[in-house]
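The values are calculated or read from the model by the stated rules, or taken from the named source; none is laboratory data. Just so you know, these numbers come straight off a predicted model, no measurement behind them. Glycine also receives a Cβ, built like all others from the backbone with ideal geometry; neighbour counts cover every protein chain displayed. Quick note on the areas: whole protein, heavy atoms, side chains included, nothing else; ligands and nucleic acids left out. Shrake-Rupley method; radii C 1.70, N 1.55, O 1.52, S 1.80 Å.
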Amino acid sequence: MKSITTLKEALEKIKQLKTTYYFKRESEHISIPDSVGRELSEDIVADYMSPAFDIAAMDGFAVYSEDVYPLKISGSVYAGDQRATIKRGEAMAIATGAMLPQGADAVLKIEDTEIRKHLLYGKSFKKWENVFREGSDYHAGDRIFEKNHHVMPQSAALLYSLGVEKVPVYKKIRAGIISTGTEIFNGMIKNTNSVLIQGFMKEMGCESTFAGTVPDDYDKTKKMLLDACEKYDVVFTTGGVSVGERDFVADVIEDTGKILFHKVAIRPGKPLAVGIVNDTPVFALPGKPTGAFTAIEMVVRSYFSETPRAMRVFLINEDVVLPEKSFEYVFFVKIAHNTTARSMGREMKLFDGEYKTAIISASPRSSVVDGYVITNRDITKGEQVNVYLFN
């Protein structure tokens, strides 16, 4: 009997898989707004210095650090004005963003000043105080972004300031989705998992295509999987990974490629299998809807995103009893009054007392919640728990 992979081991194997396969994609050049959420396929190097001149970082007065009070106020300068000049013993009113006048080397904050009879008095100050120095952001030749950088809105703004017109990015990951199961193939139950995966791929900024449904048949499953692994960057399958006589997916992966792991010590989501076929990562999800969602959330998501879920501490409003203590249990909760966490499963009367993951796994509704708790022990009502939030 094959051993069950721990959650930590599974995540490490996903990390290794990502290192090898995630960036094996062609690149393209797209507009700056469209680059947000994508990864750079090249380093970005600055062609010039920024800022190009010394700039006031505060509203106040441009001064020379070796002068002594009182100082004669010689005028004013604003952002967008041509560079002005001050003489020794003078100060010039200056607005944030304005070029520092020639002859000045500091900005005295307006709240640190006092004007008496057209003369300026104020606190002591140091050279270059409140000045955004020329070249302090970057110089020509500086590497501003490294290859593989995930472009954020603030990244896009900096790309624009660098003068980048078209951004080099990797093409979007193309995912193929295969649903297995005679009951789905015959239309006896709805194919909810394919919709789940398509939604997940969209959230990750990837493209997805539903490749089709295959009945519980080894040869048909093998053919569809091999075809999909020729067309897509990654392939998802749903169902057929448990221990039933007609669960063929893990066997097909092993016979046509390599299984990295099969069965993870999480509940729901235990039957997850991950492998490589024709140099293509394959994520074989459990067939039960919440089991599939949990496998994606706890393990597969880390292939596509390294951004952790936000976490907050809440009080649990019920006892939770685990059936076995050798698993990491994912306990889905809703937040009440921004202070307490309550089980969606109990609200739906899917369990009472003992956390019955076999039933929870089968319910698509049970994971439509605010977040989840990860635990490997019983939880007592009123206890503080870490809740990983979806929003």
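Below, the figures for the structure above:
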quantity: Karplus-derived HN-Hα couplings along region 377-386 (A = 6.51, B = -1.76, C = 1.60, θ = phi - 60°), whole Hz, x at Gly and Pro; calculated: 8, 5, 10, 9, 3, x, 6, 7, 9, 7
quantity: Within-9-Å neighbourhood charge of Ser302 [Cβ basis; K, R +1; D, E -1]; calculated: +2
quantity: Of Pro101, Pro153, Ile86, farthest towards positive along the dipole that unit charges on Lys, Arg, Asp, Glu beta carbons give region 82-154; calculated: Ile86
quantity: Mean separation of Cα contacts under 8 Å, 6 or more apart, over the residue count of the chain: relative contact order %; calculated: 15 percent
quantity: Lysine pair count for region 101-169 [Cα-Cα under 22 Å; pairs on different chains or 8 or more apart]; calculated: 5
quantity: About the Cα centre, charge dipole magnitude for the chain (Lys/Arg +1, Asp/Glu -1 at Cβ), debye; calculated: 620 debye
quantity: Mean separation of Cα contacts under 8 Å (6+ apart) over length of region 138-222, as relative contact order %; calculated: 31 percent
quantity: Computed lengthening from Glu66 to Ile189, 0.36 nm per intervening residue step minus Cα-Cα distance; calculated: 36.1 nm
quantity: Mean Cβ neighbour count within 10 Å, used as a protection proxy, ranking 189-201, 270-282, 317-329 highest first; calculated: 270-282, 189-201, 317-329
quantity: Label-to-label distance, nm, for residues given as Asp279 and Lys220 (7 Å Cα→Cβ offset); calculated: 3.1 nm
quantity: Carbon/sulfur fraction of accessible area - the chain, other protein chains in place, 1.4 Å, %; calculated: 50 percent
quantity: Point-to-point label distance, Lys123-Ile110, nm (Cα→Cβ direction, 7 Å offset); calculated: 1.7 nm
quantity: Accessible surface, region 1-148, averaged per residue in Å² (probe 1.4 Å); calculated: 60 Å²
quantity: Calculated FRET efficiency for the pair Lys13/Glu207, C-beta based, R₀ 22 Å, to 0.05; calculated: 0.30
quantity: Estimated FRET transfer efficiency (Asp255, Asn391; beta-carbon r; R0 45 Å; 0.05); calculated: 0.60
quantity: Residues His29 and Ser305, FRET efficiency given R0 of 22 Å [Cβ-Cβ distance, rounded to 0.05]; calculated: 0.40
quantity: The chain: calculated mean residue ellipticity at 222 nm from DSSP helix runs of at least 4, using -39500 (n - 2.57); calculated: -6000 deg cm²/dmol
quantity: Amide H partners (placed H, <5 Å) of Phe145, local residues excluded; calculated: Ile44
